[in-house]
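Here the structure comes first, spelled out in structure tokens, and everything after it is commentary.
The values are calculated or read from the model by the stated rules, or taken from the named source; none is laboratory data. All of these numbers come straight from a predicted model, not from anything done at the bench. Virtual Cβ from ideal backbone geometry, glycine too; neighbours counted across all protein chains shown.
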Amino acid sequence: MIWCIENPQRSRQEREAVAGLAGTANWLTLGEWRLDTSACLVMDADLTVGERVYPVTLRYPNHFPHTPALVLPRGTNERWSNHQYGAGGELCLEHGPDNWRPEITGADMLQSAHRLLSDENPAPQQSGQVPSRHDTTLGQNLRGSQRRLLVTRALQAEIGTMPDDASWQGVTFCIFRDKSFVYITKSLDRGSAGSWTAPDVPVDVLAQDSIERLIAFVRWPSDAPLPSTEDRPAFYRDLRVRNPEIPDLNYVVIVRGQRLNAFFLWEDGELALPISIIPPQKVAARLDADHTALVGRRIAIVGCGSLGSKLAAMLARCGVGKFVLVDDDIMLPDNLVRHELDWREVGMHKADAVRRRIALVNPSASVEAREYRLGGQHSSGSIESLLETIAACDLIIDATADPHVFNYLCAATGFGKKPMLWAQVFAGGIGGMIARHRPGLEPDPATMRAQIEHWCHVQGKPIEHTAIDYETRGSGPPLIADDADVSVIAAHAARFAVDTLIPREPSAFPHAVYMIGMREGWNFGAPFETHPIDVGRPLGDAEAPVDPALAQEEA
């Protein structure tokens, strides 16, 4: 429905406002109202500025007044203003999508257009400057840019130390994605100062998904003009006036004070094309101060399937600095419906692929991946070694929903005296469970598990162990939970893990076990219903005394 038919009162108001303006403004000459080829209501008009007449069209979009009217040149592709969306495009006026209000009229837009053109053309053969009202985003500024050089804070700090007239050769990753080439500097050869490798870039992982190219960084005087961009020979001729030894490369960055100008130089001598700069981000806290403790924490995640992979990525983003990943499974196409990984990792061991994922979101994290199945066919010595590694971690996470794995991890928790967290997603996406054991604060994990089962029996709805896992096991029926279901439980488990690792005192979670519903059914009466389970205190905190005579006999 055309707005002027649907809202005749506003249509009449618009016509009266435009007519009223024409009656008082000698610079406005009105034409006729009409519908254009897009069935939009338009008014043709002429705006007189000095001795020049600007033919315009006032156009009302079909969703007016919820979207702004616009003024654009009529019958010409001229560029009239610095505040115009290209030659022949609409004028960028005081009112636009970013500050539009429904009470603004087409008459207001015509007045704004006249002010713009008058201020930019104050007298014949003179031009004026009209400041922009826009605070554009980096994304808006780069929409038309295909080639982009990312400058990290570490790179900015390093090139800030370049001496006058210095030139450094570096290596940059070239990553092509659909519409853009993104360049990320891997390393620099600083001559006598030695080599530098970007500390905030996952160089080993990016090397697998990119092409490496040589790049030159050249220190240039702030008051000197940039080299000519007419063609490659002219560019290098000007460049070598100050830097005669610079190699003939396709990528050059001119460093002038704190400002960078980057260029791509075609080998056949055509124009030197500018490369847009993505500047370093301002330093801003993205996590609270408590999270700094996570850098030194080491966690073991056993099970790198849907739940474990999401947990690993979330905890890496939270700042956890050390991981041990255990899983012998292979990433397959059908895993994509729930897994953190994607087609790039299909066919890889999940543990290795999740290690790569962690590096991409937290390059400073160290990750040890074990292609191992707890309870599988391995030597006794190897399982002893793995359990000792797991027991040495600051937190042990069971993301397998496998009772055999759970028993092994109970043992590691027992002799390592370390906290343990486990989580499950129930079949059909009905809900899930997160549980936490802290030595000295909660009973041992096996006792807790028994208490959880007891709680379910008391509710009259015991856990059906064949329906706990969210993947098909053996010959049983498929147990469906979608990515959203798994993500909800993973997010809750991640919060539980962070609280335990910091550790927060008192904990933000007063209970050790939570049943979390996602739809009505089983023990849940409504979506998002949560049941905390009180598992009490440990039974018998004190260890039994050791008989000295028996200890001597065993020795």
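See the values below:
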read-out	value
Enumeration of residues in segment 148-181 that are hydroxyl-bearing (Ser, Thr, Tyr), touching a Ser or Thr at 6+ places or on another chain (Cβ under 9 Å) and surrounded by fewer than 17 Cβ atoms within 10 Å (Cβ to Cβ)	SER180
Strands (runs of 3 or more DSSP E) fully within segment 1-88 counting 2 or more residues that are in contact (Cβ under 8 Å) with a residue 40 or more places away in the chain	41-49, 52-60
So ILE452, is it among the β-branched types (Val, Ile, Thr) and within 36 Å of the chain's Cα centre (by Cα)	no
Residue within segment 100-108 that is part of a loop (DSSP other than H, G, I, E, B), in contact with a helix residue (DSSP H, G or I) (Cβ under 9 Å, 6 or more places away or on another chain), surrounded by fewer than 10 Cβ atoms within 10 Å (Cβ to Cβ) and among the polar types (S, T, N, Q) present	no
Conditions (1) modelled with pLDDT under 95; (2) within 29 Å of PRO55 (Cβ to Cβ); (3) within 40 Å of the chain's Cα centre (by Cα): number failed by ILE104	(1)
THR185 closer than 19 Å to TYR251 by Cα, touching a strand residue (DSSP E or B) at 6+ places or on another chain (Cβ under 8 Å), surrounded by fewer than 14 Cβ atoms within 10 Å (Cβ to Cβ) and modelled with pLDDT of 95 or more	no
Which numbered condition GLU212 fails, given (1) among the charged types (D, E, K, R); (2) under 14 Å from LEU360 (Cα atoms); (3) surrounded by 13 or more Cβ atoms within 10 Å (Cβ to Cβ)	(2)
Check on ARG504, within 21 Å of LYS322 (Cα to Cα), surrounded by fewer than 16 Cβ atoms within 10 Å (Cβ to Cβ), modelled with pLDDT under 95 and within 37 Å of the chain's Cα centre (by Cα)	yes
Of all residues making up segment 1-23, the number that are closer than 13 Å to TYR60 by Cα and acidic (Asp, Glu)	1
Any hit, segment 30-37, residues being on the phi > 0 side of the Ramachandran plot and either of a type in the set (Asp, Glu) or surrounded by 13 or more Cβ atoms within 10 Å (Cβ to Cβ) (or both)	no
Filtered residues of segment 172-221 (kept if among the aromatic types (Phe, Trp, Tyr) and within 26 Å of PRO244 (Cβ to Cβ))	TYR183, TRP196, PHE217, TRP220
Yes/no for ASP204 being loosely packed, with under 13 Cβ neighbours inside 10 Å, in contact (Cβ under 8 Å) with a residue 40 or more places away in the chain, in contact with a helix residue (DSSP H, G or I) (Cβ under 6 Å, 6 or more places away or on another chain) and closer than 30 Å to ARG344 by Cα	no
Flag for ALA224 being over 27 Å from the mean Cα position of the chain (by Cα) and closer than 14 Å to ILE246 by Cα	no
Matching option when the condition is exposed (fewer than 13 other Cβ atoms within 10 Å of the Cβ) and free of Cβ contacts under 8 Å to residues at least 24 places away in the same chain, among PRO221, PRO225	PRO225
Single residue of segment 410-440 satisfying the filter (among the aliphatic types (A, V, I, L, M) and out of contact with any helix residue (DSSP H, G or I) (no Cβ under 7 Å at 6 or more places or on another chain)) that is surrounded by the most Cβ atoms within 10 Å (Cβ to Cβ)	MET433
Options ALA399, ALA392; residue that is among the small types (Gly, Ala, Ser), modelled with pLDDT of 95 or more and in contact with a Gly (Cβ under 6 Å, 6 or more places away or on another chain)	ALA399
Filter result for ASP485 (modelled with pLDDT of 85 or more, out of contact with any Cys (no Cβ under 7 Å at 6 or more places or on another chain) and closer than 14 Å to GLY432 by Cβ)	yes
Evaluation of ASP165 against (1) assigned to a loop (DSSP other than H, G, I, E, B); (2) farther than 26 Å from LEU214 by Cα (one fails), failing number	(2)
Residues within segment 161-182 that are among the polar types (S, T, N, Q) and out of contact with any strand residue (DSSP E or B) (no Cβ under 9 Å at 6 or more places or on another chain), tallied	1
Flag for ARG338 being surrounded by 20 or more Cβ atoms within 10 Å (Cβ to Cβ), farther than 23 Å from PRO419 by Cα and at pLDDT below 95	yes
Among residues of segment 131-162, those that are in contact (Cβ under 8 Å) with a residue 40 or more places away in the chain, outside any loop (DSSP other than H, G, I, E, B) and under 24 Å from VAL218 (Cβ atoms), counted	9
